[in-house]
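The values are calculated or read from the model by the stated rules, or taken from the named source; none is laboratory data. This structure is a prediction, so every number in the text was calculated from the model and none was measured. Positions of Cβ are backbone-derived with ideal geometry, glycine not excepted, and every protein chain shown enters the neighbour counts.
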Amino acid sequence: MAQICKLESQTEIKSSPDRLFDIYKNKINLMPKICPSKIQSIQVLEGDGRSEGSVRLWTYILGGTPVIAKDKIYAMDEENKLITFDLIGGEITKYYNNFKATLQATPNLAKWTLGYEKANEDIPTPHSNIDFLKSITREVDDYLLKVQKHDI
């Protein structure tokens, strides 16, 4: 019987949680500019790319290897600065039957939670994925500290 597992990690942020959340919700198209060595492109396939149900195709570099992932915005809570992405296609779905990533931005912290179900017991815990998400969050935070609000 499959088991849903959870992996959590936090990273300190210095920018405001509102601005960090805004990048992930409304300005995802800036990610290749903010993290050019990690994110090559993001295409909106369905919806507006900002609301629940929107589907996007990401091309990124993980461990030196180009990876493609298709995500669907599963849930969004603007009041709590929380967004959940359901990975529905791409490389990750070869290894995990179910994979959701949730970001919550709070004062001084960005918290990532991965909920996943391994395709089999030999599949590793997705530590590299959560480390990747944390490193992107640090780059977004650095970017937000350098630019004025009206510049993005």
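What to note about this one:
- I123 vs. criteria crowded, with 16+ Cβ neighbours inside 10 Å and outside any strand (DSSP E or B): no
- First in region 15-26 and at pLDDT 95 or above, second anywhere and surrounded by fewer than 19 Cβ atoms within 10 Å (Cβ to Cβ) and in a helix (DSSP H, G or I), Cβ under 6 Å, 6 or more apart: S15/L145
- I13 being touching an Asp or Glu at 6+ places or on another chain (Cβ under 7 Å) and surrounded by fewer than 12 Cβ atoms within 10 Å (Cβ to Cβ): no
- Tally, over region 81-98, of residues that are touching a helix residue (DSSP H, G or I) at 6+ places or on another chain (Cβ under 8 Å) and farther than 19 Å from S51 by Cα: 1
- Test for F21: is it surrounded by 12 or more Cβ atoms within 10 Å (Cβ to Cβ), in contact with a Lys or Arg (Cβ under 8 Å, 6 or more places away or on another chain) and closer than 14 Å to N129 by Cα: no
- Tally, over region 66-85, of residues that are loosely packed, with under 14 Cβ neighbours inside 10 Å and within 14 Å of I23 (Cα to Cα): 1
- Residues that are more than 16 Å from P126 (Cα to Cα), more than 13 Å from the chain's Cα centre (by Cα) and surrounded by fewer than 16 Cβ atoms within 10 Å (Cβ to Cβ) do not occur anywhere in region 54-63.
- Check on I68, closer than 24 Å to K33 by Cα and modelled with pLDDT under 95: no
- The single condition among (1) touching a Leu at 6+ places or on another chain (Cβ under 6 Å); (2) over 21 Å from E12 (Cα atoms) that A75 does not satisfy is (1).
- When the test is whether a residue is over 12 Å from the mean Cα position of the chain (by Cα) and polar (S, T, N, Q), N129 does not pass it.
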